[in-house]
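Encoded as structure tokens, the structure appears first; notes follow it.
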Amino acid sequence: MTYELRCRECHKSWGNVPRSICDDCFSPLEVGYDYEAVHLTREQIAQRPSNMWRYAELLPLPANYHPSLPVGFTPLLSAPHLAKELGAKRLCIKNDAVCLPTLSFKDRVVAVALAQARSFGFDTVACSSTGNLANSVAAQAARERFKAVIFIPADLEPAKILGTQIFGAKLVRIAGSYDQVNRLCSQIADERNWGFVNVNLRPYYAEGSKTVGFEIAEQLGWRLPDNVVVPMAGGSLITKIKKAFDELVKLGLVDAKPVKFFGAQATGCSPISTAVKAGNTEIEPQKPATIARSLAIGNPADGHYAIKAIINSGGWAEDVSDAEIVESIQFLAETEGIFTETAGGVTVGAARKLYQQGRIAPDETTVLCITGNGLKTTDVLAGAYAAEPAIAPKISQFDKYLETECEELPA
Ligand SMILES: *Cc1c(COP(=O)(O)O)cnc(C)c1O
Ligand SMILES: [Zn+2]
């Protein structure tokens, strides 16, 4: 076994078991690897299929695991038009709006969690979710023949509810916030032999997020960026991108270099950015009130570690209002042709502020993590566009229409 669970604080080893908290000191557990035993070259990786499993040696997978789904390896796109508008020069987008199978980066974490769920002998998998995790667990459970029980706050976006039910998962709507749903799931996990991907399987699950970082480095030509801007809910993704970069340096796959980590939240649920701005290293929980439902975690499990990653790197955190989220979704769509969900609006809106504040320098290579797809949160755009009148299928009508309705179009 080349990996095991270790306590993040007291460093006690727990082997490989479905648990997420150290019983001795109540700190979170984290997967640790025997890096001496990992032998991996850029050439080996390059020969493998274009999906996240190309980094299998750096993921906690059961021996002889054969993945069946090609998850990840989403495009890293240069974003010249968005860059120009933001006053930036070297701006890239990591586009997990098109991650397969369910169009968010959560497919990466679920893929790793289900690999472990199988090896621990669970036949039912479960999760507490702000939406995208629900979709991903439901879809991958269907494919991998697990039963799935999905717990969500009752008032999630319709597309995320339907996008869970379609896969035949049992959906349990809870009249409460995500934080209440999550607490309930911890209690259920103590009673039932279910694999909760983000509760008892959480340390394994979270490692899947590292693949975003591995891919960014590989797609930049095995170089680390100067800055990354990452949306934060529980605060796990941002810490795992950092862990990925650190591992690549440790294995000699990229040259060491300082990378600044910038976190993005919605102002209506901003426990992490609020702490960063106030110079606190601990989270003060909030009651979420934002359209960015996928980021609406008021008491983020990895908040403390996200703050540390941000501050120690020389980065910063910003947050944006609901109106700015909607504008930023439109802005990204109009400049780069990418339709992201509310979390992506948060990332773009925060990036705009960070450039304005001079916290990100224009010449530096900056990657924005777009983590989810806009077709899942169309409700936030209700009323944003006028219903166009229907015209008769006649050239005369079209000419007249152009004259009267579309003054901006070229003749
Ligand atoms: C869950 C989620 C995040 C945040 O992930 P954490 O690791 O919990 O911080 C970001 N974007 C989207 C679209 C998500 O669904
Ligand atoms: Zn401990």
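The values are calculated or read from the model by the stated rules, or taken from the named source; none is laboratory data. Keep in mind it's a predicted model, so treat the numbers as computed, not measured. Counting neighbours? That spans all protein chains shown, and the Cβs are built from the backbone with ideal geometry, glycine included. Surface accessibility is based on the protein's heavy atoms, side chains included, excluding ligands, DNA and RNA. Shrake-Rupley method; radii C 1.70, N 1.55, O 1.52, S 1.80 Å.
Would it be correct to say that Phe122 is more than 12 Å from ligand 1 (Cβ to nearest atom), at pLDDT 95 or above, in a strand (DSSP E or B) and aromatic (Phe, Trp, Tyr)?
When the stated conditions are applied, Phe122 does not pass them.
With respect to Ser177, determine if the residue is modelled with pLDDT of 95 or more and among the polar types (S, T, N, Q).
On the way: modelled with pLDDT of 95 or more: no; among the polar types (S, T, N, Q): yes.
So Ser177 fails the test.
Please find, within segment 11-45, the residue that is farthest from ligand 1 (Cβ to nearest atom) out of those that are of a type in the set (Gly, Ala, Ser) and touching a residue at least 24 places away in the same chain (Cβ under 8 Å).
This residue is Ala37.
Please determine whether any residue of segment 328-339 is closer than 29 Å to Glu30 by Cβ and not in a loop (DSSP other than H, G, I, E, B).
The initial filter retains those residues of segment 328-339 that are closer than 29 Å to Glu30 by Cβ, namely none.
No, segment 328-339 contains no residue that is closer than 29 Å to Glu30 by Cβ and not in a loop (DSSP other than H, G, I, E, B).
One line per residue, one yes/no per condition, for (1) part of a helix (DSSP H, G or I); (2) more than 26 Å from Tyr3 (Cβ to Cβ); (3) open to solvent by 10 Å² or more (accessible area, probe 1.4 Å):
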{"site": "Phe214", "(1), (2), (3)": "yes, no, no"}
{"site": "Gly221", "(1), (2), (3)": "no, yes, yes"}
{"site": "Gly234", "(1), (2), (3)": "no, no, yes"}
{"site": "Ile238", "(1), (2), (3)": "yes, no, no"}
{"site": "Asp246", "(1), (2), (3)": "yes, no, yes"}
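Which ones in segment 248-267 are open to solvent by 30 Å² or more (accessible area, probe 1.4 Å) and either within 16 Å of ligand 2 (Cβ to nearest atom) or not in a strand (DSSP E or B) (or both)?
First, the residues of segment 248-267 that are open to solvent by 30 Å² or more (accessible area, probe 1.4 Å): 249-252, 255-258, 260, 267.
Val249, Lys250, Leu251, Gly252, Asp255, Ala256, Lys257, Pro258, Thr267, listed by residue number.
Each row is one residue, and each column tells you yes or no for (1) of a type in the set (A, V, I, L, M, F, W, C); (2) surrounded by fewer than 16 Cβ atoms within 10 Å (Cβ to Cβ); (3) away from ligand 2 (no atom under 16 Å from the Cβ).
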site: Glu4; (1), (2), (3): no, no, no
site: Glu9; (1), (2), (3): no, yes, no
site: Tyr35; (1), (2), (3): no, yes, yes
site: Val38; (1), (2), (3): yes, yes, yes
site: Thr41; (1), (2), (3): no, yes, yes
site: Arg48; (1), (2), (3): no, yes, yes
site: Met52; (1), (2), (3): yes, no, yes
site: Val71; (1), (2), (3): yes, no, yes
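Residues to consider are Gly235, Gly176; find the one that is more than 30 Å from Glu36 (Cα to Cα) and either of a type outside the set (Val, Ile, Thr) or out of contact with any Pro (no Cβ under 7 Å at 6 or more places or on another chain) (or both). Reasoning before the result, please.
Values: Gly235 fails: more than 30 Å from Glu36 (Cα to Cα).
So the residue among Gly235, Gly176 that is more than 30 Å from Glu36 (Cα to Cα) and either of a type outside the set (Val, Ile, Thr) or out of contact with any Pro (no Cβ under 7 Å at 6 or more places or on another chain) (or both) is Gly176.
Report, ordered by the first and then the second residue, all pairs with beta carbons closer than 9 Å, sequence separation of six or more or different chains, a first member in segment 156-170 that is under 12 Å from Ala141 (Cβ atoms), and a second member that is modelled with pLDDT under 95 and surrounded by 14 or more Cβ atoms within 10 Å (Cβ to Cβ).
Going by the 9 Å Cβ cut-off, the qualifying pairs are Thr164/Leu156.
Scan (1) within 13 Å of ligand 1 (Cβ to nearest atom); (2) open to solvent by less than 30 Å² (accessible area, probe 1.4 Å) for the single condition Asn182 breaks and write down its number.
In the conditions (1) within 13 Å of ligand 1 (Cβ to nearest atom); (2) open to solvent by less than 30 Å² (accessible area, probe 1.4 Å), Asn182 misses (2) alone.
Restricting to segment 188-212, and then to whatever is of a type in the set (Lys, Arg) and part of a helix (DSSP H, G or I), can you tell me which residue is most open to solvent (accessible area, probe 1.4 Å)?
Going through the qualifying residues, I end up with Arg202.
The rows are residues; the columns are (1) surrounded by fewer than 12 Cβ atoms within 10 Å (Cβ to Cβ); (2) within 32 Å of the chain's Cα centre (by Cα); (3) modelled with pLDDT of 95 or more; (4) part of a helix (DSSP H, G or I).
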| position | (1), (2), (3), (4) |
| --- | --- |
| Val346 | no, yes, yes, yes |
| Ala350 | no, yes, yes, yes |
| Ile360 | no, yes, yes, no |
| Val367 | no, yes, yes, no |
| Gly383 | yes, yes, no, no |
| Phe398 | no, no, no, yes |
| Thr404 | yes, no, no, yes |
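Go through (1) over 17 Å from Lys210 (Cα atoms); (2) surrounded by 20 or more Cβ atoms within 10 Å (Cβ to Cβ); (3) not aliphatic (A, V, I, L, M) one by one and return the number of the condition Asn312 breaks.
All conditions pass for Asn312, except number (2).
How do the strands (runs of 3 or more DSSP E) wholly within segment 1-114 filter down when requiring 2 or more residues that are over 26 Å from Ser294 (Cβ atoms): which remain?
3-7, 13-15, 29-33
Asn299 passes all but one of (1) over 23 Å from Asp179 (Cα atoms); (2) not in a helix (DSSP H, G or I); which number fails?
For Asn299, the exception is condition (1).
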